[in-house]
Each structure stands twice: as structure tokens, then as C-alpha cells.
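Structure first, then comments.
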Amino acid sequence: MKLKKRETAAIKVRETFPHLLCPVCGEQLTEQSLSMICVNSHRFDFAKNGSLHLLTKPIKTKYTKELFEARHTLMNKAGFFKPVMNEVMSHLSSRHSGVILDAGCGEGTHLAQLIEGLNDFTGIGIDLAKDGIQTAARYYDEPIWMTADLAKTPVESGSVDIVLNILSPANYREFTRLLKEDGEVVKVVPGSDYLKELRKQYVGDQYKNDETVSAFYEHFNVEKKIPVYVTQVLDQKAISALVDMTPLSWHAAPEKTASFKALSQTEMTLDIEILIGRKK
């Protein structure tokens, strides 16, 4: 008899990552009867889709179900970010096993691709947006998915081999706490030409990543930088998904969005820098 998603997720946490903490009191959580429970009887049930909700109060974000579905279309079906993930996978392939925590995992495609391509890795996907985690759990069974606060990650110190942080805000103090002594942070930042064709439509300027990169260097010893620069041709479906998922379009005039979505195809630049850092 095939196990349900929540049963599979509970077993996975119990057997591969028994390092979750209670977001209320900070005590260790243990799996009991499809729930995570601490010594103070705070209880968090696995959802039907296998995900865990470890927030102590509801938090609203601008990141909606529709946005994450659009992102899934662009990242999974169109494979827009595959050149970047291939480089990350190549770097991590020297490790034979470990725990990858994706801090700000969104709808989960990036982490799921890594776990599928690497042997014997456990994937932990965490995001503040519940809709992102719900989308991830719907499409991908292998990683452990959790809605949680990344500023106070409910995970034991020194329990993670790789912290993955892709185009997402970072809490470097937390990343350092989570990492094992030989662990690495893989930080993916946009370059100045990232989505330049779309930026020209909406804001008309180049992106500057100087502050983001400088902050990373302040907190970690940077062992490697991997540039990725690819121009891809997107069809109309991928164009529409890109517009629907990017914050660039949130405050744009409707006619700008409509005209860009009407394109049958367009070139789009993927300009990325992958930073590999270790604890100082």
C-alpha cells in the first residue's frame, strides 16, 4: 500500500533530518504520529501534502499562488534557470552526501533539481510564503518543505552542509549558525545584465549587485566565484510567466505589461554570479 505524502514526509524527517526546533520555545521537535512535538507540548502537524507549517503567526507577503505557478512554469517547464543549477550541481558533485537547506526556496524547483541530480543528499526547503511551500509540496515529493521564519530558522545549529540562497534576501548570521564547520554557503546573485530586456521595459536601468556581493564577502571566506551568462529565447508562454513572477511588474503601467506579454518571442539574458563561501 502506497504511503500518503504526510506519512512519507514524517518518515523522512525522522530518519534523515531529526534536527528541527520548536519555533515557539526553541526546544527540539520529535516526530510522533504525523506531528512534530516538543517537550513543552507545542505541536505542528504535517499537512496532507507533506509540508510543515512552523510559523507562530500568519505573515502576509506579496508572493501569491499565481506568482509561484508562473515561476514553476518558467523554471521547470521552460528551464530558464537550468544553466545556473547545472553549475551549482557540478560544484556540489564532489560531495558524496549531505544536507542542503534552501533558504528562500519559493516553489522549490531549484532544490528539487539538485536533489534529483545529486546522490544521497537530503533537501530542506524553507520559505516565509506559505503559497510557495504549498506549490513546492504539490510538485516535488523528495525534499522536506517548511514554512518558517528564516530570521530565526527552526533548525539546530551545525546541522547543515550546504545553505543555498538564490536571488533571495539573506540572514548571514543564521546561515553561519546553521552550517557545519566544513559547510558552504552557495549564494546566487544577479549580474548587471540580469533580465536586461525586461528591465529596459519596466525600469530602464542596470541592476547593481555591489552591496549584495560586499556583504557576502564580509561574512564569509569566498572560495570560488562562478559566472553564468546566457541569452535564451523565450516563447510567449515563458514571457508571460516571467512577467507574472517578477516584482519588476508589480508597479508597472498595465499597458507596459500587456505589450511585453504580447510578444511571440524575445531574447532574455541570464547574467548570474554564484558565490561559494565558508565560515570565517
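Under the rule of at least 5 residues apart or a separate chain, name every residue whose amide H is placed under 5 Å from the amide H of LEU21.
LEU29, VAL155, GLU156
Which of the peptides 118-127, 147-156, 230-239 is most tightly packed, and how do the rest follow, judged by the mean count of other Cβ atoms within 10 Å per residue?
Result, highest mean first: 118-127, 147-156, 230-239.
When the chain is fully extended, how far beyond the present Cα-Cα distance does SER192 get from SER94, taking 0.36 nm per residue of separation?
32.3 nm
With θ set to phi - 60° and the Karplus curve 6.51 cos²θ - 1.76 cosθ + 1.60, what are the ³J(HN,Hα) couplings of region 59-64 in order, to the nearest whole Hz, using x for Gly and Pro?
Result, ordered by residue: 10, 8, 10, 7, 8, 9 Hz.
Tabulate in residue order the Karplus-calculated ³J(HN,Hα) for region 264-280, using 6.51 cos²θ - 1.76 cosθ + 1.60 with θ = phi - 60°, rounded to whole Hz; enter x for Gly and Pro.
Result, ordered by residue: 6, 6, 7, 7, 9, 8, 10, 10, 9, 10, 9, 9, 10, x, 10, 4, 7 Hz.
Please report VAL160, VAL213 as a ranked list, fewest other C-beta atoms within 10 angstrom at the top and most at the bottom.
Lowest count first: VAL213, VAL160.
Checking the table LYS224/LYS280; LYS180/LYS225; LYS12/LYS48; LYS224/LYS279; LYS12/LYS237; LYS82/LYS261 against a 24 Å threshold on Cα-Cα, which pairs fail?
With Cα atoms farther than 24 Å apart: LYS12/LYS237.
Pairs of Cα atoms under 8 Å, at least six residues apart: use those to get the relative contact order of region 51-279, whole percent.
Computed over region 51-279, the figure is 22 percent.
Run the numbers on region 1-124 and let me know its relative contact order in percent, using alpha-carbon pairs under 8 Å that are six or more apart.
18 percent.
Could you give the nm distance between label points at LEU55 and SER35, where each point is 7 Å from its Cα heading toward the beta carbon?
For LEU55 paired with SER35, the spin-label model returns 2.1 nm.
If you put +1 on each Lys and Arg Cβ and -1 on each Asp and Glu Cβ, how big is the dipole of the chain around its Cα centre, in Debye rounded to 20?
560
Where a number appears in this text, it was derived from the coordinates with a stated rule and is not lab data. Since we're looking at a predicted model, the values are computed, not measured. Cβ coordinates were reconstructed from backbone atoms using ideal geometry, including for glycine residues, and neighbour counts include every protein chain displayed.
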